[in-house]
Each structure stands twice: as C-alpha cells, then as structure tokens.
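Colleague: Got a structure here, written out as structure tokens. Questions coming.
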Amino acid sequence: MKRTEQVTLTNMCMVKNGDKILVLNRTDPVWPGLTFPGGHVEAHESFHDSVVREIKEETGLTIKNPKLVGIKQFYDHNNERYLVLFYTANKFTGQLHSSDEGELTWMTESELKQHQLAYNFDHDLPLFFDENLTEHILDGKRDELF
C-alpha cells in the first residue's frame, strides 16, 4: 500500500480590521467571485511563510501571527488531493493595493454574504467564523464540515 500521493498545497487568509474583512474579487475566469486572498505553497516553504508571502503579494500587507483555523480538502480534475489551509490574521502593516488577482475591498461579514461569492466559498466561510469547525471535505460523495 502506497503511503504517499501527489498533493497541491495552498492557503487562504481572512485578514480582519475591527469588524471589516479584506475581500478579494477574483478576476480568474476559472474561479471568479469574492473570496479571501491566498495562493500556493512553494517547494520547501513553510505553511506560515507561504501565507505571509501570498498576502503580501496580493494585498501589499504584511500579516503578523496568522492563525490556522481550518483546512479544506478535495480532489482536482486529475484526481489528485488539493489542500487549502485556512488562516485568520488581525495584525498587519503596509499599504493596501490590489493585484492581478483582483480588486480588494473591506466588508463586514454580513456585507460579504450578500455578494456573489466564488464557487463553493459559501461552504468554506463557516470555518473562518465558527471555532468549533476545522475541516471541510468536498468530494463526489460528500460536502461536509467537521
């Protein structure tokens, strides 16, 4: 029995400033809509360093002390595991600027939920807001939060 497999590692971070949340309106035609900034973990990069780097690249902000709050897993079109590490951060420095990923906006949680979200992102949101949830499993048979 093989104990290793091909896995794509990514991250996403909800940056908070008081009651406002930093939201990215993605321009990517494959996964458009509102979501949180984030991206891929590079080879030999720690998860912490990857989320700090991705937020800096996409927003101009340097987050401090990102907290891991959950994980999402699914299988991509090649039937390979895809993991998204979910973080929150409420301390940051820098000047906010949008990137090629899309426009950035500060919104409240209720404002966010009234807009067009990226596909299936509404199923991810509870992990950012409910400390009793830590995992979202999405595959052909189930879409469950734990």
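Please treat every number below as a calculation from the coordinates, not as lab data. Note that this is a predicted model, so its numbers are computed, not measured. All Cβ positions, even for glycine, are placed from backbone atoms using ideal geometry, and neighbour counts span all protein chains on display.
Colleague: Sort SER98, SER50 by Cβ crowding within 10 Å, fewest neighbours at the top.
Modeller: Ordered by Cβ neighbours within 10 Å, fewest first: SER98, SER50.
Colleague: Quick one: if the Förster radius is 30 Å, what FRET efficiency do SER98 and GLU42 give, using the C-beta to C-beta distance and rounding to 0.05?
Modeller: Approximately 0.85, to the nearest 0.05.
Colleague: Can you sort LEU96, LEU117 by how many other beta carbons sit within 10 Å, fewest first?
Modeller: LEU96, LEU117
Colleague: Estimate the FRET efficiency between ASP28 and GLU131 by the formula 1/(1 + (r/R0)^6), using the beta-carbon distance for r and 30 Å for R0, to the nearest 0.05.
Modeller: Once the sixth-power term is evaluated, E becomes 0.50.
Colleague: Let me ask you something else. Magnitude of the Cβ-charge dipole of the range 7-145, K/R +1 and D/E -1, about the Cα centre, nearest 20 debye?
Modeller: 340 debye
Colleague: Expressed in nm to one decimal, what extension gain is obtained for the pair ARG53 and ASN17 from 0.36 nm per residue of sequence separation less their Cα-Cα distance?
Modeller: 11.1 nm
Colleague: Further, regarding this structure: Could you list VAL30, VAL15 in order of exposure, starting from the residue whose Cβ has the fewest other Cβ atoms within 10 Å?
Modeller: Fewest-to-most Cβ neighbours within 10 Å comes out as VAL30, VAL15.
Colleague: Let me ask something else. Kindly provide the trypsin sites (Lys or Arg not before Pro) of the range 57-146 that DSSP labels as loop, not H, G, I, E or B, and whose Cβ sees at most 13 other Cβ atoms within 10 Å.
Modeller: Sparse-neighbourhood loop trypsin sites (Lys or Arg not before Pro): LYS113, LYS141, ARG142.
Colleague: Something else: Please name which of HIS123, ILE137, VAL69 has its Cα lying farthest along the dipole of the chain towards the positive end, using unit charges on Cβ (Lys, Arg +1; Asp, Glu -1) and the Cα centre as origin.
Modeller: Among HIS123, ILE137, VAL69, the one farthest towards the positive end of the dipole of the chain is VAL69.
Colleague: So, one more: Report the net charge of residues surrounding SER99, where surrounding means a beta-carbon distance below 11 angstrom and charges are Lys +1, Arg +1, Asp -1, Glu -1.
Modeller: Every neighbour counted, the sum reads -4.
Colleague: Just in the range 1-51: which trypsin sites (Lys or Arg not before Pro) are loop by DSSP and have at most 11 other Cβ atoms within 10 Å?
Modeller: Here the trypsin sites (Lys or Arg not before Pro) that fit, given the DSSP loop and packing criteria, are LYS2, ARG3.
Colleague: Further question: Between (1) 22.7; (2) 15.7; (3) 16.2, which matches Kirkwood radius over Cα pairs in Å calculated for the structure shown?
Modeller: (2)
Colleague: Follow-up. Checking the cross-link filter: which lysines have an alpha carbon closer than 26 Å to that of LYS67, excluding same-chain neighbours under 8 positions apart?
Modeller: Within the straight-line cut-off, LYS67 pairs with LYS16, LYS20, LYS56, LYS91, LYS113.
Colleague: Quick one: which residues, 5+ away or cross-chain, put their amide H under 5 Å from the amide H of LEU61? H built at 1.01 Å from N.
Modeller: Hits under the 5 Å cutoff: HIS97.
Colleague: Compute the helix-to-body angle for 47-59: its Cα long axis versus the longest principal axis of the chain, expressed 0 to 90° and rounded to tens.
Modeller: Compared with the principal axis, the helix lies near 50 degrees.
Colleague: Is the range 40-126 best put as rounded, prolate or oblate by its Cα gyration tensor, with a ≥ b ≥ c the root eigenvalues, rounded for a/c under 1.5, and otherwise prolate when a/b is larger than b/c, oblate when not?
Modeller: Oblate, because a/c is 1.5 or more while a/b does not exceed b/c.
Colleague: Could you list which residues have their amide H under 5 Å from that of GLY70, counting only those 5 or more apart in sequence or on another chain, with H placed in the peptide plane?
Modeller: PHE86
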